[in-house]
Amino acid sequence: MTTRRQHLFSLGGLFGALVGIPGLMAASSAHASRLYEVVLSEAEWKKRLSADQYAVLRRSGTERPYTSPLNKEKRAGIFHCAGCERPLFSSTAKFESGTGWPSFWQPLAADAVHEESDTSFGMRRVEVACQGCGGHLGHVFDDGPKPTGLRYCMNGVAMKFQPA
């Protein structure tokens, strides 16, 4: 069952794609009803995040591929949620997927993220969201490298990097 919020986001993404809103397309937000450690009003999120961060983290958007500086980040360190600072991924799990988005073969910890079925745009995918604030991070696919065989394809704008 699609919620009104999911329906509006899907329509917004379609409208954005048709009128050319730079680099952002909305997807469903299946995790909208979960409880999180960090809960802010929409006004507070808009104040805390840049417009692009808000579009991705709070509206389940997708940044354009190859636009994130985190694609080229090679230093040792931790990738944190841009919304709530929760540690998400280690640089040791990062790999070059060739997709245009920062990719990882596993989260930093089992409770760093949560996964939900995403059937937006007529596709079957698994959405990845921050366990701390529910912010949309990206999707996980089963075409990654060993040892997990997973590819956590994340929006760079949804994360901040902290060097070791």
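The values are calculated or read from the model by the stated rules, or taken from the named source; none is laboratory data. All values reported here derive from a predicted model rather than from experimental measurement. Please note: Cβ atoms are built from the backbone with ideal geometry, for glycine as well, and neighbour counts cover all protein chains shown. Keep in mind that these areas ignore ligands, DNA and RNA; they rest on the heavy atoms of the full protein, side chains included. Shrake-Rupley method; radii C 1.70, N 1.55, O 1.52, S 1.80 Å.
Of Phe121, Phe104, Phe95, the residue with the largest accessible area leads and the full order is Phe121, Phe95, Phe104 (1.4 Å probe).
Taking a ≥ b ≥ c as the square roots of the eigenvalues of the Cα gyration tensor, the range 79-164 is oblate, since a/c reaches 1.5 or more and a/b is not larger than b/c.
Sparsely packed loop sites in the range 43-80 (the chymotrypsin sites (Phe, Trp or Tyr not before Pro) outside DSSP H, G, I, E and B with at most 12 other Cβ atoms within 10 Å) comprise Tyr66. Sites listed here are trypsin sites (Lys or Arg not before Pro) in the range 68-107 whose DSSP assignment is loop and whose Cβ has at most 15 other Cβ atoms within 10 Å: Lys74, Arg75.
Would you be so kind as to identify which of Leu108, Asn155, Ser91 lies farthest towards the positive end of the dipole of the range 79-164, taking Lys and Arg as +1 and Asp and Glu as -1 on Cβ and the Cα centre as origin? Most positive-ward Cα: Ser91. Sequence-ordered 3J(HN,Hα) estimates for the range 83-93 from the Karplus curve with 6.51, -1.76 and 1.60 and θ = phi - 60° stand at x, 10, 6, 5, x, 10, 9, 8, 4, 5, 9 Hz, glycine and proline given as x.
Each part reduced to its alpha carbon centroid, the range 71-112 and the range 125-164 end up 7 Å apart. Electrostatic bookkeeping for Ser91 treats Lys and Arg as +1 and Asp and Glu as -1; over the other residues with beta carbon under 11 Å from its beta carbon, the sum is +2. Partners of Lys47 within straight-line reach, counting lysines whose Cα lies under 26 Å from its Cα and excluding those fewer than 8 residues away in the same chain: Lys160.
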